[in-house]
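The values are calculated or read from the model by the stated rules, or taken from the named source; none is laboratory data. Only a predicted model underlies this, so the values are computations on that prediction, with no experimental measurement involved. Note that we place each Cβ from the backbone using ideal geometry, even for glycine, and neighbour counts take in every protein chain shown. Calculation scope for accessible area: heavy atoms of the full protein, side chains included, ligands and nucleic acids excluded. Shrake-Rupley method; radii C 1.70, N 1.55, O 1.52, S 1.80 Å.
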Amino acid sequence: MQIISTSIANEHAAYLAAVACAERRALHSFFDQHVIEDENDGFIAIDEGDYDALPMRVIDRVVHTVPGGMSDEF
């Protein structure tokens, strides 16, 4: 029998939800979508285009990146 603590299961669910959000947003964005670990909210998805240049304090917390899905080559 495998026992998973509730806090670990909740953290994993929050991570998967943030990744799913980043993947949905990436389809309609020119910018990469990043999942970052947040002290208060667990994991959140941010759009790289929301910031001029990501500050180092944010870059250090990136745990997953989904490339932007739109291209302006047309």
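Brief remarks follow.
- Net charge contributed by nearby residues that have their C-beta within less than 10 Å of Arg61 (K/R +1, D/E -1): -3
- Average accessible surface area per residue within the chain, 1.4 Å rolling probe, Å²: 75 Å²
- Max mean-square fluctuation residue, GNM over the chain, Cα-Cα springs under 10 Å, options Ala53, Ala13, Ala26: Ala53
- Anisotropy class of the chain from Cα gyration tensor, a/c 1.5 cut: oblate
- MRE, 222 nm, helices only [DSSP H, n ≥ 4, -39500 (n - 2.57), over the chain, to nearest 500]: -10500 deg cm²/dmol
- Local electrostatic count, Tyr15, Cβ distance below 12 Å [Lys/Arg +1, Asp/Glu -1]: -4
- Charge dipole (Cα centre; +1 on Lys/Arg Cβ, -1 on Asp/Glu Cβ; no other charges) of the chain amounts to roughly 280 debye.
- Protein heavy-atom surface of the chain, 1.4 angstrom probe: 54% of the accessible area is carbon and sulfur, with nucleic acids and ligands not counted.
- Only protein heavy atoms count here; under a 1.4 Å probe, Glu48 has an accessible surface of about 70 Å².
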